[in-house]
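Report on one structure; see the data block that follows.
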Amino acid sequence: MVRIRVEHGGAPITLKTFGNIVVVEGILMAVKFFVGAHVRWNSEAGYVQGIITKIHMRDVEHKGRIRRCSPDDPQYEITSDTTDHVAMHKGEALTNI
């Protein structure tokens, strides 16, 4: 079991992970992505790769805009491998590499 603290618009919550199963505030969920995962996504400039640094499960402001997040539909903060640019995407935009 691994415990991870996740930022989400104020008060962090603690996740308990068991492989690709996560317990969030007593709710058991299967997850595809995790902090430290190497992922890729399609941007205006083509495909970009990076590392997930945070998982947001509650609404959060990112670059001046409110991003809608929930435990069922989290958003992932990712740092680009090449530029150190920080992006935020939903899981359907990401691919594990």
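Please treat every number below as a calculation from the coordinates, not as lab data. The structure presented is a predicted model; accordingly, all values stated were derived computationally and were not measured. Virtual Cβ from ideal backbone geometry, glycine too; neighbours counted across all protein chains shown.
Residues are listed down the side, and each one gets a yes or a no for (1) in contact with a Pro (Cβ under 8 Å, 6 or more places away or on another chain); (2) under 14 Å from ASN96 (Cβ atoms):
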{"residue": "VAL39", "(1), (2)": "no, yes"}
{"residue": "GLY46", "(1), (2)": "no, no"}
{"residue": "ILE55", "(1), (2)": "yes, no"}
{"residue": "HIS62", "(1), (2)": "no, no"}
{"residue": "THR82", "(1), (2)": "no, no"}
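For segment 67-97, enumerate the residues that are under 13 Å from LYS32 (Cβ atoms) and part of a strand (DSSP E or B).
Hits for segment 67-97 are TYR76, HIS89, LYS90, THR95, ASN96.
Just to be sure I understand, how many residues within segment 41-66 are surrounded by fewer than 18 Cβ atoms within 10 Å (Cβ to Cβ), part of a strand (DSSP E or B) and either of a type in the set (D, E, K, R) or free of Cβ contacts under 8 Å to residues at least 24 places away in the same chain (or both)?
Total meeting the criteria: 5.
Would you point out the residue of segment 67-97, among those that are hydrophobic (A, V, I, L, M, F, W, C) and touching an Asp or Glu at 6+ places or on another chain (Cβ under 7 Å), that is surrounded by the fewest Cβ atoms within 10 Å (Cβ to Cβ)?
Across segment 67-97, the extreme among qualifying residues is VAL86.
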